[in-house]
Amino acid sequence: MKVKIKNHMNKNELKISRKLTIMFICLFLLFSFSMIYNKAQLETLKKMHEIELSPNKEATEYFMKAMSIHLYITKLHTFIDFDSIFMKPLLALQDKYLEKRFH
């Protein structure tokens, strides 16, 4: 006697599930590559603006953080508008670091 195990997902649901999985993997890879690129840009900024030679090291560190966020915002702007709800927290964080730089 053979027992048939019924799959709970039909073919359309399985296709949608596969598409979502592939989409999430692609988004994860894109985000990972973006972070690697951003880290490389930050290292370049650190070489250009040496913190040890700065008269105000703390302000330079805040400037570096603000610039790294600025680079990330610039890359995201190709896909997302500045007025978007996704950009507002990043812009606020950049402003926060720039304000700390002057205090």
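The values are calculated or read from the model by the stated rules, or taken from the named source; none is laboratory data. What you see is a predicted model; the values in this text were computed from it and never measured. Glycine also receives a Cβ, built like all others from the backbone with ideal geometry; neighbour counts cover every protein chain displayed.
Restricting attention to segment 46-60, and to residues there that are outside any loop (DSSP other than H, G, I, E, B) and of a type outside the set (D, E, K, R), which single residue is surrounded by the fewest Cβ atoms within 10 Å (Cβ to Cβ)?
MET48
This table checks each residue for (1) at pLDDT below 80; (2) farther than 20 Å from LEU71 by Cβ.
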site	(1), (2)
MET1	yes, yes
ASN12	yes, yes
LYS15	yes, yes
LEU20	no, yes
LEU30	no, no
GLN41	yes, no
LYS46	yes, no
GLU50	yes, no
ASN56	no, yes
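Starting from residues that are part of a helix (DSSP H, G or I) and charged (D, E, K, R), keep the ones in segment 65-103 and report whichever is farthest from LEU45 (Cα to Cα).
Only one residue fits best here, namely LYS88.
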